[in-house]
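Q: Below: one structure in structure tokens.
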Amino acid sequence: MEEVVRQDILEVLKQGVQAIRQDDSFRVKELSNHVIHNASIFQDEDSLGVAVLMYALSKVMERGRLDMEEVSRLLERASAALDTYNDEGYRIAVKFAIRRVSEADSRLKIFVNSVIDQAQLKKGSKIVMHGVSAARAANILGISRWELMQYLGHTTFHEENPETVSAVDRLALARKVFGK
């Protein structure tokens, strides 16, 4: 794991534990959005795993149907593993945390699985916003390219991004490059 990624995930985990103990679901969701930046730059599954976990946790916290103390301990275990450069221990702790969230109860399992699917689509769009192709983002997330494209079609990030080049400017550049 890249050192920058390790440090960022470590900080997110520590802040996540604090936010969970303060019952601050909004902060947990913000942490999810923060860590996706590394996933888009380094295209690594470790950042993505913790981003999806934090997003799912924020949704579960809003509904109050999970023993958050147990999840906090799992996040602390993941953090301790990263502190000692134990990448595999980190990955195991994150998988246990995701499993714990999804197994909270029979009804919640269906909800969390849906949230995780939605989180993957949302995170996929964030990765695309950072300049990674939709095909690569779908591959990183393990989702269908078509699902991601359908989700992207419903977003307006291309309209909100001031750095986006207009269609007229892109056409002018293409004509200049190809001499037409």
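Values quoted throughout were computed directly from the atomic coordinates according to the rules given, and no laboratory measurement underlies them. In this text, all values refer to a predicted model and were calculated from it rather than measured experimentally. Neighbour counts are summed over all protein chains in view; Cβ atoms, including those assigned to glycine, are modelled from backbone coordinates with ideal geometry.
Q: Expressed in nm to one decimal, what extension gain is obtained for the pair Val4 and Asn139 from 0.36 nm per residue of sequence separation less their Cα-Cα distance?
A: The Val4-Asn139 span can extend by a further 46.4 nm.
Q: Could you calculate the contour length gain from Val168 to Met149, that is, 0.36 nm times the residue separation minus the distance between their Cα atoms, to one decimal place in nm?
A: Working: separation 19, 0.36 × 19 = 6.84 nm, distance 2.31 nm.
Full-extension gain reported as 4.5 nm.
Q: At what distance in nm do the modelled label points of Asn86 and Arg73 sit from each other, each positioned 7 Å from its Cα along Cα→Cβ?
A: The answer from the label model is 1.6 nm.
Q: Ranked by Cβ crowding within 10 angstrom, fewest neighbours first, how are Asp46, Asp24 ordered?
A: Starting with the residue having the fewest Cβ neighbours, the order is Asp24, Asp46.
Q: Using alpha-carbon pairs under 8 Å, 6+ residues apart, how would you state the relative contact order of region 60-104 in percent? Mind showing how you got there, number by number?
A: Working: 30 pairs, mean separation 18.5, N = 45.
That works out to 41 percent.
Q: Using alpha carbon centroids, what distance separates region 124-150 and region 62-93, in Å?
A: 26 Å
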